[in-house]
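The structure appears below as structure tokens.
The values are calculated or read from the model by the stated rules, or taken from the named source; none is laboratory data. Only a predicted model underlies this, so the values are computations on that prediction, with no experimental measurement involved. Using ideal geometry, Cβ is built from the backbone for each residue, glycine included, and neighbour counts are taken over all protein chains shown. Heads up: the accessible areas ignore ligands, DNA and RNA and are worked out on the full protein's heavy atoms, side chains in. Shrake-Rupley method; radii C 1.70, N 1.55, O 1.52, S 1.80 Å.
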Amino acid sequence: MNYEYLEKLSPTFYSRVKPTEIPLEYVKVNDELLNQLGLGLKEIDYSSEDIIAMAYSGHQFGYFTRLGDGRATLIGDLDGVELHLKGSGKTPYSRGGDGKATLGSMVREYLISEAMYALGVPTTRSLFVAKTGNAVIRESVEDGAVNLRLAKTHVRFGTFGYAKEMGKESVKELLDYISNKLYGGISPFNLLKKLSEEGAKLMAKWMGIGFIHGVMNTDNMSLAVETIDYGPCAFMDIYNPETVFSSIDTIGRYKYSNQPKIYQWNLARFAEYILDVLLEEVSKEEIEKVLTDFSKIYEEEFKRGFFNKLGIENPEENDDELIYELLNTMYMNKMDFTNTFYKLTIGEYQKELERFVEKWEPKCSSRELMKKSNPVVIPRNEIIEKIIKSAENGNYKPLEEATKIFSEPYNYEIEIDEKYKRPMEESAILKFKTYCGT
């Protein structure tokens, strides 16, 4: 185990702290990932003096605040991947919280992060979920749990907000660290461009599978441009651009359709965090152009993703109108997002799509491309809730079964129980809420 973050950054960016909540009973272990890392669970030392909690800040729902890893610790890094224990107890950044996590929230993180990986979306991953043997008090008394999360880095956009508070030299220090660790030593301006380009791709992938992150604060935006923090996230059943599930997002700031705009807003905040350093390299106009150009890059990525979903390999001018016609028809008829594209892929044309199909079929040149772009199954909200409930009652079989199902989302050759494909009833969707699990 290495401690790169600890060794290459000054103490202002972290606090040494030992986990008080550690694994007691393993609920789910990612054996395949363990083997890839060449790591044994008994090799992880939770008593090391080199374990830290990271300091950072962030714009939360538009307002800047001091934050930090309040319930997580960075155990170390292995082969360029950081191991981060969520739910590990209080740290200096807990802000009055208990630093613990519930079993349900950690099962959610495991299931959805691994499903996102299988769906081809850049993401943090989960090595295990384990009970700690300690109780967690929320609305009721629940089992405490930890999740060992893996990422290329746990530095967030908001970490640079924290660095800005510390001063220009701290910003430079953090920029050098991230640039060398992840991007081959590129300049701050090229880092900004990289975050714009990769972020546009990530947002397009989210939109293409109906994923709603739920809490896109700058402290939840990774410098590796991986999906991070699966608190109130959910997948859309019935297609509706206004869909929002998070209980704390009462104004719909992070609704499905707003996600690309929010990433762009967060990118602008990142540019502000490092502005003094950027201006040593380029003009303000060049910075603003990168931020503005994000929309164009995203639009191209979005269209490319949906052309793939429609099997259109060589789109012609105005073919993008097919995308918007389909989405509008789905919206007007309250059609399921995932199942609509799945049925188009296998040639089952719903009555509501007759006019669309007449225009689209002559343009469709590759069913194989569609199969690679349209999942048969996603982690639907209703099934996730049932798996969580079973785990809370000590039954881990549904978790094991779902993990296998979600690991092959584009496999059209296997039979999948219809319960995994069934959308939630509209009346239930309107009532369904997700929570941060803190």
Quick check of the Kirkwood formula: for region 381-430, what is the inverse mean of 1/r over all pairs of different Cα atoms, in Å? 12.1
Per residue, how big is the convex hull of region 4-151 when only Cα atoms are used? Give it in Å³. 132
Inter-label distance, nm, simple model (7 Å from Cα along the C-beta direction), Leu275/Asp31: 5.4
Could you please report the charge total around Arg16, scoring K, R as +1 and D, E as -1 over all other residues with beta-carbon less than 10 angstrom from its beta-carbon? -1
Order these peptides, 195-203, 145-153, by their mean beta-carbon neighbour count within 10 angstrom, highest first. 145-153, 195-203
Which ³J(HN,Hα) values in Hz, rounded to whole numbers, follow from the phi angles of region 161-168 under the Karplus curve 6.51 cos²θ - 1.76 cosθ + 1.60, where θ = phi - 60° and Gly and Pro get x? x, 5, 4, 4, 4, 7, x, 4
Any idea of the accessible area per residue across the chain, 1.4 Å probe, to the nearest Å²? 43
Order 233-240, 422-429, 129-136 from most to least packed using the mean count of other Cβ atoms within 10 Å. 233-240, 129-136, 422-429
Could you estimate the translational diffusion coefficient of the chain from the Stokes-Einstein equation, with Rh from the Kirkwood formula over C-alpha pairs, at 10 °C and 1.306 mPa s, in whole µm²/s? 70
Which distance in nm do the two modelled labels at Glu198 and Glu426 give, with both placed 7 Å along the Cα-to-Cβ direction? 4.2
Once you put a point 7 Å from the Cα of Glu285 and another 7 Å from the Cα of Glu408, both along the Cβ direction, what distance in nm separates them? 5.7
Surface share of carbon and sulfur [accessible, 1.4 angstrom probe, percent] for the chain: 47
For Tyr56, enumerate residues with amide H under 5 Å from its amide H, sequence gap 5+ or separate chain, H modeled in the peptide plane. Leu67, Gly68, Asp69
Expressed as a whole number of Å, what is the distance separating the alpha-carbon centroids of region 382-438 and region 262-336? 30
Okay, helix-only estimate at 222 nm for the chain: each DSSP H run of n ≥ 4 adds -39500 (n - 2.57), divide by all residues, round to 500 deg cm²/dmol; what do you get? -13000 deg cm²/dmol
Semi-axes of region 354-438's equivalent ellipsoid from the Cα gyration tensor, sqrt of 5 times each eigenvalue, largest first, rounded to whole Å? 31, 18, 10
Around Lys433, with a cut-off of 14 angstrom between Cβ atoms, what is the net charge of the other residues, counting Lys and Arg +1 and Asp and Glu -1? -1
Suppose a student asked you for the relative contact order of the chain, using Cα pairs under 8 Å spaced at least 6 residues apart; what percent would you report? 16
For region 411-419, just list the computed ³J(HN,Hα) in residue order, Karplus coefficients 6.51, -1.76 and 1.60, θ = phi - 60°, integers in Hz, with x standing in for Gly and Pro. 8, 8, 9, 9, 7, 10, 3, 4, 4
Rounded to the nearest 0.05, what FRET efficiency is calculated for Ser390 and Ser187 with R0 set to 41 Å and r the Cβ-Cβ distance? 0.20
Counting only DSSP loop positions in region 335-413, the GluC sites (Glu not before Pro) whose Cβ has at most 16 other Cβ atoms within 10 Å are Glu348, Glu413
Whole-Hz ³J(HN,Hα) for each residue in region 342-356, computed from phi via Karplus 6.51 cos²θ - 1.76 cosθ + 1.60 with θ = phi - 60°, x for glycine and proline: what do you get? 4, 5, 4, 5, 8, x, 9, 9, 5, 3, 5, 9, 4, 5, 5
Taking the highest mean first, how do the peptides 96-106, 53-63 order by number of other beta carbon atoms within 10 angstrom per residue? 96-106, 53-63
